[in-house]
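Worksheet for the structure shown next.
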Amino acid sequence: VAAATGRSHHCSQHVRHNRRRRRTSRLSVPFAIVLRAACRTAASTAVAAHAPRPPFTVHSLSPLIARLSHSSPAAVAEARASWPDVRVRSLEDVEDTAPRLHQQAAAVQSNAVSQLVRLLDAWLEERPPPLPPAPGLPADADDATRASLDSLRRAVCEAYAADSRRAQRRGFGFSLRRAASSAGPGSGAGVFLDGHARLGSVVAAYPGVLYYPYDLMRLQGGAARFEGNACLMLRYDGTLVDGSETSLRLVSPQAMDCPLSVGHLANHPPRGRGANVLACAVDLDASSLPERVLPLLPYVRATEVGWRLRLDRGDAPPTEVRALPRTVAGSAVAPQIAARRRPIDALTEMIQHSLSEMAVAQAAEDAPLRGLVLVASRDIEDEELFLDYRLNPATRDKWPGWYVPLDEEEAARRWG
């Protein structure tokens, strides 16, 4: 290529070389032109090799589609018939085809109730035999005998707890135990799940006395009787579940012995940690549940134990309201009684009568129990159960020092 340029200053002193240069120049000029063209062609080819191909279009594929339709019309027809019939084409279609709120609630109810029944059934199948009653000691027993008996009882209780955990693992796939909570100082006992529970699994029940909305309206003094009670859970339908120690004494002992009846011990998560369970309302219709699991349901209506609740809290026995007999109404005493009664008293009495009748109607045997269960909000493995207490933002000045709100916007919507 250098010779083809005609520059031979290195051979200018030798004629022989000049002649050779002229002869080489005459022969190499066409070769240089060909070489340069070849280089350009090679370069353009290399660039084209790395350039992206144009995308397929309908026009480029139409010959192929035509050939396919002509060569195999049956295959094309079969493929077209198998295409899905897309009905959702806009946001309005999504809203029309999505399940309604009551349908979603029914699906959640069915799932939660079936899980609870399955867990209770599994516990009946796998539970260990109950502990024997504690033997009585003679009054003149010495300290050594008492210490020996106490040591033996502790060993028996530890063995029973181990058997209970193994039975839970077989029946539930996990086990629940009570231990000192990791929520912080003063948090007391907490609930720990050993094993694995998947998202959406029922992991515990929240036991207690159930106050339906009509029961709350009939209470003397209203909600003031619950002041200082930190074990209250309110459902969306207004049903209040009282899981305090006083109320739990009114629940069936067999139900409270079930390891699932520990939802009232779940603590609020400390700062920096989130909740791993949420409360789910369940309506338990006794007529549609297996009879064998009914004694294990840790719920009782307030109307069934109302008299015992009043005695436990030291209230005076309720005075029965009766209509005045005609002899009294027509006597001289009637004007005096009427003078002592204010119009507001008569209105209050009438409302109480109406609410009592409504509560009695709700207390029928076929009325469902409005309970609560704790459902895993994510996969849980060897952790303490934490439940968002979601206290009322309007009572912020009364919040305890350990309470840290997790989602204030959600709490505002809940209590709004």
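The values are calculated or read from the model by the stated rules, or taken from the named source; none is laboratory data. Bear in mind the structure is a predicted one, so any value in this text is a computation, not a measurement. Glycine gets a Cβ as well: all are built from the backbone with ideal geometry, and neighbour counts include every protein chain shown. Accessible surface is based on the protein model in full, side chains and every heavy atom, while ligands, DNA and RNA are left aside. Shrake-Rupley method; radii C 1.70, N 1.55, O 1.52, S 1.80 Å.
Data overview
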read-out	value
Computed accessible area, Trp415, all protein chains, 1.4 angstrom probe, square angstrom	100
Protein-only accessible surface order, largest first, of Leu152, Leu137 at 1.4 Å	Leu152, Leu137
Heavy-atom SASA rank of Thr239, Thr246 (probe 1.4 Å, accessible area, largest first)	Thr246, Thr239
Where the Cα pairs of the stretch 232-281 fall when distances are cut into 10 Å bins, in %	19, 46, 31, 4
Per-residue HN-Hα couplings for the stretch 132-147 [Karplus 6.51, -1.76, 1.60; θ = phi - 60°; Hz; x = Gly/Pro]	x, x, 5, x, x, 9, x, 5, 9, 5, 7, 5, 5, 5, 5, 5
Nonlocal amide H pairs with Ala189, under 5 Å, H built at 1.01 Å	Ser181
Within the accessible area of the stretch 250-297 (1.4 Å probe), percent carbon and sulfur	50
Accessible surface of Arg396 - all protein chains present, 1.4 Å probe, nearest 10 Å²	110
Average accessible surface area per residue within the stretch 98-250, 1.4 Å rolling probe, Å²	56
Table column - 3J(HN,Hα) (Hz), the stretch 369-375, Karplus curve with 6.51, -1.76, 1.60, x for Gly and Pro	7, 9, x, 9, 10, 9, 10
P(r) weight above 20 Å for the stretch 99-162, C-alpha pairs, percent	59
Phe386 long-range amide H proximity, modeled H, under 5 Å	Asn276, Val277
Rounded to whole Hz, the Karplus (6.51, -1.76, 1.60) HN-Hα couplings of the stretch 197-213, x for glycine and proline	10, 7, 4, x, 7, 6, 10, 6, 10, 9, x, x, 8, 9, 10, 6, x
Ranking by accessible area, most exposed first, for Met256, Met217 with a 1.4 Å probe	Met217, Met256
Theoretical FRET efficiency, 1/(1+(r/R0)^6), r = Cβ-Cβ of Asp257 and Glu410, R0 41 Å, to 0.05	0.70
